[in-house]
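These notes are about the structure you will find just below.
Each value in this text was obtained by applying a stated rule to the coordinates, not by laboratory testing. Just so it is clear, the model here is predicted, and its values are computed rather than measured. Because the Cβ atoms are built from the backbone with ideal geometry, glycine has one as well, and the counts that use them run over all protein chains shown.
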Amino acid sequence: MKKIKKKLPISSFQHWKAQDYLNEFYLVVVPDEREAIKFQLDILKKRNKKTLTLEFGCGPTLHRAIAAAPYVSEIHMADYLEENLETVKNWLESKNEFHNWNHYTKYILEKEGIQQPSLDQIHERESLTRKKITKLFQADASFKDPLGIKYREFYPFVISGFCADSATDDKKIWNTYMRNIASLVLPNGSFFTAALMNASHYKTGNKYFPSANINRIDLLKVLELDFNPKSITIEERDLPEHQHQGYKGILLAHAIKK
């Protein structure tokens, strides 16, 4: 007799808890973020000038901004959920209950070639990041202009990690979200994105949230609509360590806007 696979109860983002997400993925430097950080740093190191940068869909996290800080002139951060932005703000203001990112900062410094970074070096990098982050936006990727018309094709560099794919289980909606995020990138600007690969959900605490179940071809097709096809780099990472959280791999991509 064929076993019937039980369908998981997928939660809406009304049930999202930033602290559950941080506890699930960011108490240690997890395998998928190790790969995403290395890929992001490679892109940043190749950029020949410091420019204004947007992190779209930052969630309650700071590690991508910490990685970017020395390579950019200024960082704006945007997210759909007010709770996520409030968590970021708590870290920026060093309020009592902010999440500790020292272990991620240490990993980033190691990937930049610093052996056994000191606590002073970690604090220096995080202080620099606080100075570089100048704006927080509440944003909606379902809007044609997620930050408003003023910011259409505004940013020379946009980072969006595990955002559009982790907001819906519908590929058509994911496609729309990706196009709208792409609209924020300046012509000839750079775009870095990371996504769960072949995943219909991911686990946060005791809840499951939707994922768009995309693969490399899906990502290539949507990027080719707005970015120079010859500029697109997509890499896969197999990460069976994350299977219990709903996925076994990730996609990492970089592209230059048409």
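In the stretch 171-208, what count of residues is obtained for those that are farther than 22 Å from Trp16 by Cα, surrounded by fewer than 22 Cβ atoms within 10 Å (Cβ to Cβ) and hydrophobic (A, V, I, L, M, F, W, C)?
Total meeting the criteria: 1.
Quick check on my filter: what residues within the stretch 51-87 are under 16 Å from Phe25 (Cα atoms), out of contact with any helix residue (DSSP H, G or I) (no Cβ under 6 Å at 6 or more places or on another chain) and assigned to a helix (DSSP H, G or I)?
Correct list: Arg64 only.
Spot the failing condition for Asp42; the list is (1) of a type in the set (Asp, Glu); (2) buried (at least 16 other Cβ atoms within 10 Å of the Cβ); (3) under 15 Å from Tyr107 (Cα atoms), and only one is missed.
For Asp42, the exception is condition (2).
Being assigned to a loop (DSSP other than H, G, I, E, B) and in contact with a helix residue (DSSP H, G or I) (Cβ under 8 Å, 6 or more places away or on another chain) is the filter here, so list the residues in the stretch 208-233 that pass it.
Ser211, Ala212, Asn213, Ile214, Leu225, Asp226, Ile232
When both residues are 6+ apart or on different chains and their Cβ atoms are under 9 Å apart, which pairs have a first residue that lies in the stretch 200-221 and is under 17 Å from Tyr177 (Cα atoms), and a second that is basic (Lys, Arg) and part of a strand (DSSP E or B)?
Phe209/Lys203
Working carefully through the options Leu252, Leu219, Leu196, Leu184, find the one that is farther than 30 Å from Val28 by Cβ and of a type outside the set (Asp, Glu).
Of Leu252, Leu219, Leu196, Leu184, the one residue that is farther than 30 Å from Val28 by Cβ and of a type outside the set (Asp, Glu) is Leu184.
In the stretch 209-236, how many are surrounded by fewer than 18 Cβ atoms within 10 Å (Cβ to Cβ) and either aromatic (Phe, Trp, Tyr) or farther than 21 Å from Ala167 by Cα (or both)?
Selection size over the stretch 209-236: 8.
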